[in-house]
Every structure is written in C-alpha cells, then in structure tokens.
1. Subtracting the Cα-Cα distance from 0.36 nm times the residue separation, let me have the gained length for A78 to E12 in nm, one decimal.
2. If you rank I102, I41, I87 by how much accessible surface each has, with a 1.4 Å probe, what is the order from largest down?
3. For D106, D115, write out the residues from largest to smallest accessible area, computed with a 1.4 angstrom probe and no ligands counted.
4. Which pairs, out of K55/K77; K53/K113; K27/K73; K11/K96; K55/K85, put more than 26 Å between their alpha-carbon atoms?
5. With each pseudo-label sitting 7 Å past Cα toward Cβ, what's the N48-K20 distance in nm, one decimal?
6. Are there trypsin sites (Lys or Arg not before Pro) in the range 1-60 that DSSP puts in a loop and that have at most 16 other Cβ atoms within 10 Å, and which ones?
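The values are calculated or read from the model by the stated rules, or taken from the named source; none is laboratory data. In this text, all values refer to a predicted model and were calculated from it rather than measured experimentally. Positions of Cβ are generated from backbone atoms using ideal geometry, with glycine treated the same way; all protein chains shown enter the neighbour counts. Note: areas computed on protein heavy atoms with side chains; ligands, DNA, RNA excluded. Shrake-Rupley method; radii C 1.70, N 1.55, O 1.52, S 1.80 Å.
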Amino acid sequence: MISEKRSLLLKEQAKLLALKEHKGIVKSISLSKILSLPIYIVDILTLNGEEHKVKINAETGNVLKEKTIPLTKSRAKAYALRQHKGIIESVVLANKQYEIVILGLDGKTYTVKIDAEMDVLAQEERNVQ
C-alpha cells in the first residue's frame, strides 16, 4: 500500500490565515491532532480586548467553523478504542466531556477524555494499576 504524505502549512502561514478571521495580536499558536487531523490552534487578542481561537486544518489551510456537531456516545467510544485497544469499562458524560475508561489488552487501565461539544480529544491519561 502506498501512502501519500501531505505537507503541512508552516506556522507563519497558519498565523496569517487566522489573522484574516480576526484582526489583532497572535498570543499563541500550536499544532495539535484532533481526531487524527492536524490542526493549528491560533489564539488571537483583538484590539477591543476579545480573545478568539481560530482552528486551521494544517493540511488544507481551511479555517474550521466554530459550530460543530455534538459527539455521540457511540462515536466517543469508537474513538477511544482507536486510541487504546481493549474493553470499555465505563463511559461518563459530565461537564460536556466524555470520560471513557478502557481495560487495555496489555492489562493496564486507560482513561480517555473527549470534549462532547467540539468533538476534540481533550486529554489522555494512562493509569498503571
């Protein structure tokens, strides 16, 4: 199987795209993976003091829209199992975030946290027991 590796935008390119959305000062810029998609997250402070986060697809340069589809429980479970193969022990939705506990095939317990509103991997923790 041949895989095509795409080049990513440079940080400076992402910064310029974000500043087209909101004029101001870039406070920070980071490259993250959101559901396996490389995304630049650009924090901007506008001249009137408002703060904005602009998300840009690092492969295409497209600005991601703020409105997103809420993550369903079944999609959250499927995503968590892609992160850690095993058996789901529990799924809890609290404060707009799924917390999924998985007993991994390696015998370790993993906790995956996923933002239910933005369909974003919020945090991943590994608990060795």
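1. Here the segment from A78 to E12 would lengthen by 20.3 nm.
2. Working: I102 0, I41 30, I87 115 Å².
Result of the area sort, largest leading: I87, I41, I102.
3. Values: D106 90, D115 40 Å².
Greatest to least solvent exposure: D106, D115.
4. Details: K55/K77 24 Å; K53/K113 21 Å; K27/K73 34 Å; K11/K96 30 Å; K55/K85 29 Å.
In this structure, K27/K73; K11/K96; K55/K85 exceed 26 Å between Cα atoms.
5. Here the modelled spin labels are 2.3 nm apart.
6. On the way: sites: K5, R6, K11, K15, K20, K23, K27, K33, K53, K55; in loops: K5, R6, K23.
Qualifying residues, ordered by number: K5, R6, K23.
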